[in-house]
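The values are calculated or read from the model by the stated rules, or taken from the named source; none is laboratory data. Just so it is clear, the structure is predicted and the values come from calculations on it, not from any experiment. Cβ sites come from the backbone with ideal geometry, for glycine too, and all protein chains shown count toward neighbours.
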């Protein structure tokens, strides 16, 4: 096996590329993490537009008794429920069409907003 | 007057529907997941088991009926709900929930 003289620098370049790739992946994970937390203000606005009519502005005053309260519910549970409605894994004539047009960001934002309201509690 | 009667009728209805104290005696199968703050399901996907304290009674009743009928799907909730009678569901909902605002 013979190596061209330029072998060493090439390897270095590869190493650099790897480092950059790892760094880039790290940055995207961090960015995804930020999205995961949800934007409270964006969530409040979106919730007022699409959720409030049935669940109440803060998720406590529901239009009908069999509509769930969302205030204080777990953030990740609300995200899970909305994704299930969106994917058709959970179906409801009212919720399915409401969830469909939501973006991934909308879902995280409204879930974050409702999770921060005072309401539901863990009851043993 | 009419409003008062309507409220009276609806609380009577709930009182007849479920017994909170009896629900407290029946919740052993609920508390392992719903009674632990921050408890996260391990299967089929990971997320927090929803808080039930202060939820609307009628919603809890509907959710349990849907799980029992299989129209709403979750492995553990489907099997747990399958073991509940209408009265069990009403009692549990009365224990965990409150009347809708």
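Just so you know, in the stretch B:36-60 the residues that are over 20 Å from residue B:87 (Cα atoms) and outside any loop (DSSP other than H, G, I, E, B) include one that is farthest from the other protein chains (Cβ to nearest Cβ), and it is B:40. Here residue B:63 fits the description: at pLDDT 95 or above, within 11 Å of chain A (Cβ to nearest Cβ) and out of contact with any strand residue (DSSP E or B) (no Cβ under 7 Å at 6 or more places or on another chain).
For the stretch B:19-35, the set of residues classified as more than 7 Å from chain A (Cβ to nearest Cβ) and either assigned to a loop (DSSP other than H, G, I, E, B) or at positive phi (or both) consists of B:19, B:26, B:27, listed by residue number. Can you work out which of the residues in the stretch A:51-76 that are without any contact (Cβ under 8 Å) to a residue 12 or more places away in the chain and at the interface with chain B (Cβ under 7 Å from one of its Cβ atoms) is nearest to residue A:119 (Cα to Cα)? By that ranking, first place goes to A:61. Take the conditions buried (at least 22 other Cβ atoms within 10 Å of the Cβ) and either within 13 Å of chain A (Cβ to nearest Cβ) or without any contact (Cβ under 8 Å) to a residue 40 or more places away in the chain (or both) and apply them to residue B:96. Does it pass? When the stated conditions are applied, residue B:96 passes them.
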